[in-house]
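Each reported figure results from applying straightforward, stated rules to the coordinates on display, with no laboratory input. Quantities reported herein were computed from a predicted structural model and do not represent experimental measurements. Glycine also receives a Cβ, built like all others from the backbone with ideal geometry; neighbour counts cover every protein chain displayed.
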């Protein structure tokens with residue numbers, strides 16, 4: 001009798017990637033079969049990535065195509081919430097912090113302290129700030145909406161110029177005056 005071989009589907013390890021032309025430069029979108037894993041900024045590099053990524057293939061998939069479509073709508077002022085499946089890789093705390101970012105309304109800002117309080121742990125401000133600094137899918141999980149306790153712009157993976165751009169894009173879409181920077185697109 002021949003041996004029976006049972007194929008067990010491995011966990012998806014191959015990540016797909018494509019570039020996305022955003023108003024201020026190219027972003028690299030990375031996804032597994034399950035969802036969007038990362039949005040990489042031009043200044044992200046292998047030594048400094050906020051997320052650990054495995055082997056990547058330069059080839060789009062349905063998740064990447066949908067992410068690009070929704071980002072295009074966002075930058076055109078036609079989308080205020082994202083509905084792209086995410087494949088977040090982080091600690092339980094980080095994932096909770098990242099998911100909590102989606103509760104911050106479009107065009108509004110909050111602080112790390114307010115986010116920590118919202119998550120039920122007002123003393124975790126520094127831990128929340130650290131987790132936000134590792135947010136792999138910024139824009140879609142809007143860590144750009146977090147500002148310092150004094151209301152000033154604080155660190156952002158894409159740089160403060162991008163953060164100001166995103167905040168003012170949202171304000172302008174809502175019919176409000178730009179507040180954060182000199183955006184030439186408005």
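Descriptive notes on the structure:
- Rounded to 5, the percent of DSSP beta bridges in segment 15-173 classed as antiparallel: 65
- Computed extension length for residue 149-residue 89: 18.8 nm, one decimal, from 0.36 nm per residue of separation with the Cα-Cα distance subtracted.
- Potential lengthening between residue 33 and residue 126 on full extension [0.36 nm per residue; Cα-Cα distance subtracted]: 30.2 nm
- Calculated FRET efficiency for the pair residue 118/residue 14, C-beta based, R₀ 45 Å, to 0.05: 0.80
- Pair residue 59, residue 96: separation of 7 Å Cα→Cβ label points (nm): 3.9
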